[in-house]
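**Student:** Got a structure for you, written out below as structure tokens; questions coming shortly.
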Amino acid sequence: MKLTFFSAQPYDKVFFEEHNKQFGFNIDFFEVALTEKSVNLIQHSEAICVFVNDRVTQPVVELLAAKGIKIIALRCAGFNNVDLRAAAHANMRVVRVPAYSPHAVAEHAVAMIMTLNRKTHKAYNRIREQNFSLNGLMGFDLFEKTIGVVGTGNIGQVFCRLMLGFGCHVLAYDVKEDKGMLEAGVIYLPLEEVLSKADVLSLHCPLNEKTRYLIGDSTIKRMKKGAMLINTSRGGLINTISVIKALKSGKLGALGIDVYEQEESLFFRDLSEHIIEDDTITRLMSFHNVLITAHQGFFTQEAMDQIAETTLSNLKAFDSGEPLANEVKISS
Ligand code: NAD
């Protein structure tokens, strides 16, 4: 079977080519994102493989169907960028990688907390300038602080355990409680209570109609003054304009984001020679208490191995007419 990859970075090629040695697919790698225009790059493929910022909209699905595409393989967990209804209508299957090293993303969220709290990013630059002063670098002990977690699925659970390891109190909100988390010492509360008690709030739920702008004016109002907000999940969980307002007033004490609502025109590219037209991200970049990383939470060797292996196994199952264990359907 022939596969066409979109948004393929050099590291994708390295990992997929290595794992494909056992699968033997014929693969075309394209660095461009999937768009109505780039669909034309597909030649004699039955499958496409896409990533988080490829927008598989209804018109794109229709064009893919006309090209003979039978299956869309997401090499990520989130699937908010695929119009599942349009795919089902076109009789096109959709598969994803539901879990790949949840440690990668959870540990990145912890790294963001540690950086923002202990200001190691500033210390690194200061020391290089022979500035050994400590002014402005004071943090707080994480021990016995209250961490709020929204979403205790694969990643949220690892994150909770890491924070429990720091000696934090962990409060969580999820639409369903997890027994293992309760046994580990996590306390489930309604969202409003988690918001009002958390010193650090970390988002680990998916983006859908219910969670879009979960953090906006009304929810920020409920948060503790000076709380830290971490989002490694999806940019649309946060109303960025509300968050900027809260950072300016000091209501939010720090922000760490690995995802951004308008990230598809920025992330995974070197724009160092370009003028950034997005005034919202440049405003965020101007705050000393904001840390932005460009969707790198997943980016560990272990996760890349699992992503390549699961994606190719999903496609092998499809090619052999076997059941698709990682299929995404409208009700998912
Ligand atoms: P998961 O499906 O295992 O867990 C999601 C959890 O959120 C579940 O427990 C679910 O019940 C809960 N949830 C659903 N709706 C909710 C709501 N309205 N309010 C509160 N909780 C709700 O997913 P996961 O593997 O833990 O991934 C979480 C998110 O992390 C993904 O959706 C994806 O967007 C993001 N992610 C980011 C990266 C990255 O590189 N930054 C990598 C992988 C995943």
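**Student:** Does any residue of the range 91-98 turn out to be touching a Lys or Arg at 6+ places or on another chain (Cβ under 8 Å), away from the ligand (no atom under 16 Å from the Cβ), among the hydrophobic types (A, V, I, L, M, F, W, C) and assigned to a loop (DSSP other than H, G, I, E, B)?
**Tutor:** Within the range 91-98, one or more residues are touching a Lys or Arg at 6+ places or on another chain (Cβ under 8 Å), away from the ligand (no atom under 16 Å from the Cβ), among the hydrophobic types (A, V, I, L, M, F, W, C) and assigned to a loop (DSSP other than H, G, I, E, B).
**Student:** Now a separate question. Residues being more than 23 Å from N117 (Cβ to Cβ) and buried (at least 19 other Cβ atoms within 10 Å of the Cβ): count how many of those fall in the range 215-235.
**Tutor:** 1
**Student:** Checking V243 against (1) assigned to a helix (DSSP H, G or I); (2) in the same structural domain as F140 (by TED's automatic domain parsing); (3) surrounded by fewer than 16 Cβ atoms within 10 Å (Cβ to Cβ): exactly one of these is not met. Which one?
**Tutor:** The one condition V243 does not meet is (3).
**Student:** Right, H121: closer than 21 Å to V259 by Cα, within 12 Å of the ligand (Cβ to nearest atom), in a helix (DSSP H, G or I) and assigned by TED's automatic domain parsing to the domain that holds F287 or not?
**Tutor:** Answer is no for this residue.
**Student:** Just for the range 265-282: of the residues that are crowded, with 18+ Cβ neighbours inside 10 Å and out of contact with any strand residue (DSSP E or B) (no Cβ under 8 Å at 6 or more places or on another chain), which one is farthest from I147 (Cα to Cα)?
**Tutor:** For the range 265-282, the residue satisfying everything is L266.
**Student:** Has the range 179-188 got any residue that is more than 14 Å from the ligand (Cβ to nearest atom), in the same structural domain as L255 (by TED's automatic domain parsing), at positive phi and among the small types (G, A, S)?
**Tutor:** yes
Yes/no matrix, rows are residues, columns are (1) in contact (Cβ under 8 Å) with a residue 24 or more places away in the chain; (2) within 11 Å of the ligand (Cβ to nearest atom):
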residue	(1), (2)
N231	yes, yes
L237	yes, yes
V243	yes, no
D258	yes, yes
E277	no, no
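**Student:** Do we have F51 as crowded, with 20+ Cβ neighbours inside 10 Å and either hydroxyl-bearing (S, T, Y) or over 20 Å from E327 (Cβ atoms) (or both) here?
**Tutor:** Against the criterion (crowded, with 20+ Cβ neighbours inside 10 Å and either hydroxyl-bearing (S, T, Y) or over 20 Å from E327 (Cβ atoms) (or both)), F51 does not qualify.
**Student:** Take the residues in the range 196-240 that are part of a helix (DSSP H, G or I) and among the β-branched types (V, I, T); name whichever of them is nearest to the chain's Cα centre (by Cα).
**Tutor:** Going through the qualifying residues, I end up with T240.
**Student:** Mind listing whichever residues of the range 287-310 are surrounded by 16 or more Cβ atoms within 10 Å (Cβ to Cβ) and more than 25 Å from L266 (Cα to Cα)?
**Tutor:** Listed by number, the residues that qualify are Q306, E309, T310.
The values are calculated or read from the model by the stated rules, or taken from the named source; none is laboratory data. Worth saying up front: this structure is predicted, and the values here are computed from it rather than measured. All Cβ positions, even for glycine, are placed from backbone atoms using ideal geometry, and neighbour counts span all protein chains on display.
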